[in-house]
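Contents: one structure, followed by commentary.
The values are calculated or read from the model by the stated rules, or taken from the named source; none is laboratory data. Note that this is a predicted model, so its numbers are computed, not measured. Note that each Cβ is placed from the backbone with ideal geometry, even for glycine, and that neighbours are counted across all protein chains shown. Surface areas here come from the heavy atoms of the whole protein model, side chains and all, with no ligands, DNA or RNA. Shrake-Rupley method; radii C 1.70, N 1.55, O 1.52, S 1.80 Å.
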Amino acid sequence: MTDLAAFTLRSRSLGALPVVQHFLDRLGLDQLLEQYVPQQDRRFRIRPATALGILLRNIILGRRPIYGLQEWAQPFVPSLLGLEPDQVDGLNDDRVGRALNRLFDADRASLMTTIVVRAMQEFDVKLDQFHNDSTSITFSGNYSQATGRKIRGRKAVSITYGHNKDHRPDLKQLLWILTVSADGSVPVHYRLCDGNTSDDPTHIQTWEALCKLTGRTDFLYVADCKLCTRANLDHIAHGQGRFITVLPSNRKEDAWFRKHIQDHDLPWEEVIHRPNPHGVDRLEDVWRVVPDPNRSAEGYRIVWVWSQLMAQRNEQSRLAALQKAFDGIQELNDKLHGRHNRLRDRVAVEEAVTRILAHGGASRWADAEVTEDLDSRFKQENRGRPGANTRYVKVERTRFTVTWKPKADVIAYDARSDGMYPLITNCDDLPTGEILQKYKYQPNLEKRHEQLKTVYAVAPAFLKDEGRIEALLLLYFVALLVQALIERQVRTAMKAEKLTVLPLYPEDRECHAPTANRILEVFETIQRHDLMDGEAVYKCFEPKLTPLQEDLLSLLGAPREIYGVAPVGMDS
């Protein structure tokens, strides 16, 4: 008879690691890391490629800092991380930092291209339309050495001040430029530039990289208004490329059309008409387009877009600016007529008025006039208690009053073109409505930036070596790629299965657009239990999957065997 008292039960976490591993295997990522970052020193306790693979899995699942990597890995089955049981204790920040050094020294551009090409082939991602945008990655700290120096013969990026898109001009930054495919918003290319780099000159290099990646030039390249320079547009057009971007508001073509619209009714074409996404009792979401009668100065087609919700926001913003200016003028008048007013001359008052209008953003729509009058009063000629013989003198003081009024003609002029903005393109073959539809995919790229900063918490970075930071950000790009492929796989499968929702939220609430973060959370609680006879495994109890986990594995195209579960029909 077996003595059960000699046995112990050991529980090890599986979580979503097998799901992530399934996608990494389809990309061949572990093999690629081993190929580009080989082990050259046998004294390594953990291979550099293995350490980088663990760090990548942590970015996707755990988001723990590098110094907490061992603590994060401890509950998992070591084999899922490519480790032997006795290697987990050797997973420390020094060892991972040295692995990042090796990745920085490697041919990262070639590695990124190989990973992306495999993703495009394995998951059949369409490469006919790309969207590009940039954001800033903000760093806390001095980074005095990160000035574009060479590290082991390779030039590193400069972490410095620039136009910070996180609204933190007091902090240094790097410029992160991301390009995604319009098929599932899958990242296909990224660039890391010095913190003070302007967006304008980066597009040509990005477009050329996409040409090499796809082996073609006729794809559609969509970006924001920083693309709209003659050099950028002509380079793409002369290279047989196609583009859609926004015409900047400071261009003469923009001013001409807004003047033209004042006394001309144009044949607007309605492209989108749907309920307001924020409630059925609100203004409907309507989009219209019309071609500009003229072409741009470069000779390209201009299409004007009008959005009903944007027009409403423009009107509300203008009213809010006017209200803020009015309140500021009222507060200024109270100070000017108070006992402790320090604005004694007209120039100082006019400067204060200018600041109020500018701060409220109402300088264009409001005007203010400063008037002055004499305020007379009598005061004792000398100090002391007043008496029968006290003499008084007349004191005159200039008092200022500010009168405020809106510029009705300018407000009416601007209201006529509320909700309008121009798109510029060389796609003369596309209908105007389709140009708008293609450009409107741009917010999906912005969502990737939001996920990079919030879900994956790219900052603060607990690294001071800019070489290691560059290597780490490559892993963040791969994490975004894997996340996008997971989302795309599930959403595509849902359409094929004619599923509109999945019960992914707490209390089985419905989710219409599953994100990778929520999908992976469903698998977090999965564990494997081992009945141990001393140090040996006597019996292994594989996990039992819930119906939701089973459904998600099916949608992900992942077999049940990744969790050690027998295929359907073979369960005992």
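Computed from the mean reciprocal separation of all distinct C-alpha pairs, what Kirkwood hydrodynamic radius does the chain have, in Å? Kirkwood hydrodynamic radius for the chain: 28.7 Å.
Average accessible surface for the chain: 52 Å² per residue, computed with a 1.4 Å probe over protein heavy atoms with every protein chain in place.
With each label modelled as a point 7 angstrom along the Cα→C-beta vector, the Asp345-Asp429 pair spans 6.9 nm. Separation of the stretch 321-396 and the stretch 43-88, taken as the distance between their Cα centroids, equals 68 angstrom. Using bins of 10 Å that start at zero, the share of Cα-Cα pairs per bin across the stretch 226-266 amounts to 25, 38, 27, 10, in whole %. Here the Kirkwood formula puts the hydrodynamic radius of the stretch 85-159 at 16.4 Å, using every distinct Cα pair. Think of each Lys and Arg Cβ as +1 and each Asp and Glu Cβ as -1; about the Cα centre, that makes the dipole of the chain roughly 2240 debye. Each Cα pair under 8 Å and six or more residues apart adds its sequence gap; the mean of these over the residue count of the chain is a relative contact order of 18 percent.
Each Lys and Arg Cβ is given +1 and each Asp and Glu Cβ -1; about its Cα centre, the stretch 124-191 then shows a dipole of about 640 debye.
Take the Cβ atoms of Gln316 and Arg63, set R0 to 45 Å, and the FRET efficiency comes out at 0.75.
Distance between the pseudo-spin-label points of Thr390 and Lys126 (7 Å out from Cα toward the beta carbon): 9.0 nm. When Tyr221, Tyr413, Tyr300 are compared by accessible surface with a 1.4 Å probe, the order from highest to lowest is Tyr413, Tyr300, Tyr221. In summary, the lysines within cross-link reach of Lys335, defined as a Cα separation below 29 angstrom excluding same-chain residues under 8 places away, comprise Lys324, Lys379, Lys394, Lys405, Lys407. Using a simple spin-label model with pseudo-atoms 7 Å out from Cα toward Cβ, Glu369 and Glu84 lie 9.0 nm apart.
Taking only the Cα atoms of the stretch 32-72, the ratio Rg/Rh comes out at 1.02, with Rh defined as the Kirkwood radius.
Secondary-structure-derived ellipticity at 222 nm for the chain, considering helices only, amounts to -12000 deg cm²/dmol, per-run term -39500 (n - 2.57) for DSSP H runs with n ≥ 4. Taking only the Cα atoms of the stretch 74-123, the radius of gyration and Dmax are 14.9, 38 Å. Glu315 sits with roughly 90 Å² accessible to a 1.4 Å probe, with DNA, RNA and ligands left out of the calculation. Over the stretch 107-249, the Kirkwood radius and the radius of gyration, each from Cα atoms, give a ratio Rg/Rh of 0.99. Between Val501 and Val455, what's the calculated FRET efficiency when r is the beta-carbon distance and R0 is 25 Å? Round to 0.05. Efficiency for this residue pair is about 0.70. Say the dipole of the chain comes from +1 at the beta carbon of Lys and Arg and -1 at that of Asp and Glu; which of Leu430, Leu555, Pro38 then lies farthest toward its positive end? It is Pro38.
Of the complete DSSP H runs in the chain, those spanning 30 angstrom or more by Cα along the long axis with a mean Kyte-Doolittle score not below 0.0 are 466-496. Shape descriptor for the stretch 396-511: Rg over Rh equals 1.22 (Cα atoms; Rh from the Kirkwood inverse mean 1/r).
When the inverse distances between all different Cα atoms of the stretch 182-240 are averaged and flipped, the Kirkwood radius reads 12.5 angstrom. Here the gap between Val117 and Glu270, fully extended at 0.36 nm per residue and compared with their Cα-Cα distance, gives a gain of 51.2 nm.
Heavy-atom surface analysis with a 1.4 Å probe gives the chain a carbon and sulfur content of 49 percent of its accessible area.
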